[in-house]
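For reference, the structure is listed below as structure tokens.
Quick note: the coordinates plus some simple rules give every number you see, no bench work behind them. Being a predicted model, the structure only gives us computed values, none of them experimental. Neighbour counts run over all protein chains shown; Cβ positions are idealised from the backbone, glycine included.
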Amino acid sequence: MDKTFFDDTPRGRQLQAFNRLLDVMDDLREKCPWDRKQTLESLRHLTIEETYELSDAILKQDMPEIKKEIGDLMLHMVFYAKIASEQKAFDIADVLNSLCEKLIFRHPHIYGDVTADTEEEVKRNWEQLKLKEGNKSVLGGVPSSLPALVKAMRIQEKARGAGFDWDDKSQVWEKVQEELSEFEEEFNVHDTTTIDKQRATAEFGDLLFSLINFARFVDINPEEALERTNLKFISRFQYLETEAAKEGKRLQDMSLEEMDFYWNKAKNK
């Protein structure tokens, strides 16, 4: 398409860039052996990987990397739509128009006469409208393939959107303590008796679910919190490895006390 079709406003340049991406996608699908070979199924695991890479970049606040990963995901969305258009199922215009129609329908406080002055009211309206669209359950929109920790938070958020939630954080914390006590009954560190692993697993799951619920209630994203702790542990452990190696030591030959020395240095650093 002639670039003069677009004006030189920010929106015009954005449309021109998106049009360029569509043109590049057409070229790749026609001329590149690898791109020609791809299917919806073959791209799926790559899309998941790209999503995690974007998540990593966001946690690191690496804006250049965020830009790159958004681009990679954008390519995948265009790729899926291109394959679907070849199958005469839908094209990118159908995707975008369908999205716009859904957003307009689910924001009656913007495009209709409904009043929603708070975030909670918006979420509650959103879940009610999804039920009108044909969802049989408020929880029906939670993907079954989500990682368990993320799924737990999404389940709780959706239940809250339907009005099923605690009134204040003290109640949620009481539930955490209750679940911790029940877990302790199944797994007493001072008792040498073999535990009932199935029951202990169930109680541990309940405890995790209640902790995730408390985190959500006090506006902490548990997935992000855990990933930040993962990154912190990796950084400290790699410092331990590096500093020990500088002194000619191998971790497998060191005592826990020796390792703790470097670990504490990493914490202070």
Just to verify a result, which residue in segment 253-269, among those that are surrounded by 12 or more Cβ atoms within 10 Å (Cβ to Cβ) and free of Cβ contacts under 8 Å to residues at least 24 places away in the same chain, is farthest from residue 120 (Cα to Cα)?
254
Scan segment 110-126 and give yes if some residue there is part of a helix (DSSP H, G or I), within 24 Å of the chain's Cα centre (by Cα) and within 28 Å of residue 47 (Cα to Cα), otherwise no.
yes
Name the residue that is surrounded by the most Cβ atoms within 10 Å (Cβ to Cβ), counting only residues in segment 130-139 that are over 23 Å from the mean Cα position of the chain (by Cα) and in a helix (DSSP H, G or I).
131
All but one of (1) within 23 Å of the chain's Cα centre (by Cα); (2) more than 26 Å from residue 226 (Cα to Cα) hold for residue 147, so report the exception by its number.
(2)
Members of segment 236-252 found to be in a helix (DSSP H, G or I) and surrounded by 12 or more Cβ atoms within 10 Å (Cβ to Cβ), listed by number
236, 237, 239, 240, 241, 243, 244, 251
